[in-house]
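Peer 1: Here's a structure for you.
The values are calculated or read from the model by the stated rules, or taken from the named source; none is laboratory data. This is a predicted model, so every value here is computed, not measured. Here the Cβ positions follow ideal geometry from the backbone for every residue, glycine too, while neighbour counts run over all protein chains shown. Accessible surface areas use protein heavy atoms only, side chains included; no ligands, DNA or RNA. Shrake-Rupley method; radii C 1.70, N 1.55, O 1.52, S 1.80 Å.
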Amino acid sequence: MRRRTMLLGAGMALGTGLAGIGTMTFRWHASPRRTQGLSDAHLRNLQALPAGTGPRVLFVGNSMTLRHDLPTKVAALAAEAGVSVQIAHAAARGSRLVEAWQIEGLRAALATGWDVLVLQDFSTTCLRAPDRWGSAHAMREMAQAAQARAVLLYPTWAFPPGHRVYQEGAGILTRPPADPADFARCITAHYDSIAQAEGWTRAPVTEVLQQDTALWLEDDLHHPNPTGTARIAGVLWRSLQQLLAQNSA
């Protein structure tokens, strides 16, 4: 009898665990980073952003979005092309989308409505299943909250040999990528799976920066340098321009 009770209890615990795996996933990172572009003051400004003459585009990401003011560079390319567009950002150093989605101020800013969301997640997200699940969930929730007409996914890139990711991976429950090509395949597979499921667009940032990677990165072998940021801005703008043309047709 005692054995049956123990087995029943174990089965119930397993069932509860499986039923709640989504909750576990979304609480994996429970302390959202708020510095810079996810502060309460910044998010209040986003909520109060007046309507302009062009489509509204919001970048949501982390330091890969903030470094060397990537959104402003994309806006400059739009201006050069004679395209009127409002570009803003909600990003913080080290932030993951699943963390940012927990912030009420961001949810309120998204609810003001955006024509296009540009979503960029943590650089090692693809290496761990719970992170991939949380990433996909957060992207879908953000797109729905913003009532976005289009979503452009901004994937990161494979770091060059010598980066610690090839020894450490992303921590527990991960297998470090074998080499940059393996890491690039992991990144693009994650973003492509979401893009295909939702009918979204993935910008080919990973492929472009995989060519002569060291030319585009800072000494930390991680973040883009000014030349790299300009290169990323060009890739994103070409993808964004196509989406804006499709939405206006």
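Peer 1: Quick one: Karplus J couplings for segment 168-173, per residue in order, coefficients 6.51, -1.76, 1.60, θ = phi - 60°, nearest Hz, x for Gly and Pro?
Peer 2: 9, x, 10, x, 5, 6
Peer 1: Given charges of +1 on the Cβ of Lys and Arg and -1 on the Cβ of Asp and Glu, with all other atoms neutral, how large is the dipole of segment 68-199 about its Cα centre, in debye to the nearest 20?
Peer 2: Magnitude of the dipole: close to 160 debye.
Peer 1: Using +1 at the Cβ of each Lys and Arg and -1 at the Cβ of each Asp and Glu in the chain, identify which of THR65, ILE172, ALA75 lies farthest towards the dipole's positive end.
Peer 2: Selected residue: ILE172.
Peer 1: Could you sort SER84, SER239 by their accessible area in this structure, using a 1.4 Å probe and putting the largest first?
Peer 2: Numbers: SER84 60, SER239 15 Å².
If we order SER84, SER239 from most to least accessible, we get SER84, SER239.
Peer 1: What net charge do the residues around ALA81 carry, taking every other residue with its C-beta under 15 Å from that of ALA81, with Lys and Arg at +1 and Asp and Glu at -1?
Peer 2: Working: positive: LYS73, ARG238; negative: GLU80.
Counting the neighbours of ALA81, the net charge comes to +1.
Peer 1: Moving to a separate point now. Per residue of segment 151-160, in order, report the coupling 6.51 cos²θ - 1.76 cosθ + 1.60 (Karplus, θ = phi - 60°) as ³J(HN,Hα) in whole Hz, putting x for Gly and Pro.
Peer 2: 10, 10, 8, 10, x, 7, 9, 7, 6, x
Peer 1: Under DSSP H, which helices of the chain have Cα atoms covering 24 Å or more of the helix axis and a Kyte-Doolittle average no less than -0.5?
Peer 2: Helices passing the filter in the chain: 2-19, 180-198, 226-248.
Peer 1: Ranked by accessible surface with a 1.4 Å probe, highest first, in what order do LEU110, LEU215 come?
Peer 2: Accessible-area ranking of LEU110, LEU215, largest first: LEU215, LEU110.
Peer 1: At q = 0.14, 0.22, 0.31, 0.34 Å⁻¹, what is the base-10 log of I(q)/I(0) for segment 148-190 according to the Debye formula with one equal point scatterer per Cα and no solvent? Please give it to two decimals.
Peer 2: So the normalised log intensities work out to -0.37, -0.72, -1.16, -1.26.
Peer 1: Going by amide H atoms built from the backbone, whose H comes under 5 Å of the H on LEU217, apart from near neighbours?
Peer 2: Here the answer is ASN225, since their amide H atoms fall under 5 Å of that of LEU217.
Peer 1: If you don't mind, there's one more thing I want to ask. Using a Gaussian network model of the chain with C-alpha springs under 10 Å, which one of GLY61, GLY199, GLY105 is most mobile by mean-square fluctuation?
Peer 2: Its mean-square fluctuation being the largest, the pick is GLY199.
Peer 1: How would you order 168-179, 151-162, 113-124 from highest to lowest mean count of nearby Cβ atoms within 10 Å?
Peer 2: 113-124, 151-162, 168-179
Peer 1: Under the rule of at least 5 residues apart or a separate chain, name every residue whose amide H is placed under 5 Å from the amide H of ARG202.
Peer 2: It is LEU153, by chain and number.
Peer 1: Just by accessible area at a 1.4 angstrom probe, what is the order of GLU104, GLU99, GLU207 from largest to smallest?
Peer 2: From most accessible down to least: GLU104, GLU207, GLU99.
Peer 1: Moving on. Each residue of segment 114-120 in turn: what ³J(HN,Hα) in whole Hz from Karplus with 6.51, -1.76, 1.60 and θ = phi - 60°, glycine and Pro shown as x?
Peer 2: So the J values, rounded to whole Hz, are 9, 6, 9, 9, 10, 10, 10.
Peer 1: Can you compute the helix-only [θ] at 222 nm over the chain? Use -39500 (n - 2.57) per DSSP H run of at least 4 residues, normalise by all residues, nearest 500 deg cm²/dmol.
Peer 2: Helix-only estimate at 222 nm: -15500 deg cm²/dmol.
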